[in-house]
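Structure record follows, encoded as structure tokens.
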Amino acid sequence: MDLEWPGDICIPERTITVIIGPSRILEVGLNSCSGTMRRYPFLYVCSNYSGVLPNLHRTSFEFSVRRGFTSDQMATIINECDATYLIIEHDPSLYESDTKLIPSVINRLKTFARNEGTVVVYSRYLDRFMRSLLRASGRAYLYADWANVIRNSQLKKQQKRDGPPRRIVSRQVRLDQVSRPEVSQRDLESGLADLVVTDE
């Protein structure tokens, strides 16, 4: 069953959905669909620290929580998961020392989504793991401060043209924050995946 979250976010069943942005997006989404979550097994996976878990209403619906402190443990949790919905709060530190496991974990997520249930992977920032996962995901939602995106894009162009940065060229952008539902592959290839997501 597809999940409908506030902010025009649709989580299709049996696919991987990636959400990159402020933690309140995941909090509001999970708290708003608590009626649906009551009917299906739901596993929330995080590591040492969770920015989302303390803000979920445990009285609205019940869910299991597992913590993976290494990339090997994350792979084991995915293999052993028997829930319908697998929600993962990504921790970039799990893959800093061992990037060889990134393809293995992503393949396990794809297999789970294809055979078992629905996967939602949330991260505040875009890193190497999330870039790789974007290619395997069925749907991606990126939320960013577009003024910073434009500024970073201009900085990269200036560095290519002039060498090391001297100052950042900036333009005024009136929209402080714009949500970008359903990012296309063309958007990702044009450099949108190089953005740095900021929280308010």
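The values are calculated or read from the model by the stated rules, or taken from the named source; none is laboratory data. This is a predicted model, so every value here is computed, not measured. In this analysis, Cβ positions are derived from the backbone assuming ideal geometry, glycine residues included, and neighbour counts consider all displayed protein chains.
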Top-ranked residue in the range 54-80 [being in a strand (DSSP E or B) and at pLDDT 90 or above; ranked as surrounded by the fewest Cβ atoms within 10 Å (Cβ to Cβ)]: Val65
One residue from Gly51, Gly21, Gly35 being among the small types (Gly, Ala, Ser), surrounded by fewer than 18 Cβ atoms within 10 Å (Cβ to Cβ) and touching a residue at least 40 places away in the same chain (Cβ under 8 Å): Gly51
Tally, over the range 96-110, of residues that are assigned to a loop (DSSP other than H, G, I, E, B) and either touching a residue at least 60 places away in the same chain (Cβ under 8 Å) or not acidic (Asp, Glu) (or both): 1
Residue list for the range 1-38, restricted to those being touching a helix residue (DSSP H, G or I) at 6+ places or on another chain (Cβ under 7 Å) and hydroxyl-bearing (Ser, Thr, Tyr): Thr15
Breaking point among (1) among the β-branched types (Val, Ile, Thr); (2) modelled with pLDDT under 85; (3) closer than 24 Å to Phe129 by Cβ, for Thr36: (3)
Boolean, Ser93 is surrounded by fewer than 20 Cβ atoms within 10 Å (Cβ to Cβ), within 21 Å of Ala140 (Cα to Cα), free of Cβ contacts under 8 Å to residues at least 60 places away in the same chain and not aliphatic (A, V, I, L, M): no
Set Ala113, Ala83: member being outside any helix (DSSP H, G or I) and touching a strand residue (DSSP E or B) at 6+ places or on another chain (Cβ under 8 Å): Ala83
Matching residues in the range 86-113 - criterion: being of a type in the set (D, E, K, R) and farther than 19 Å from Thr17 by Cβ: Glu96, Asp98, Lys100
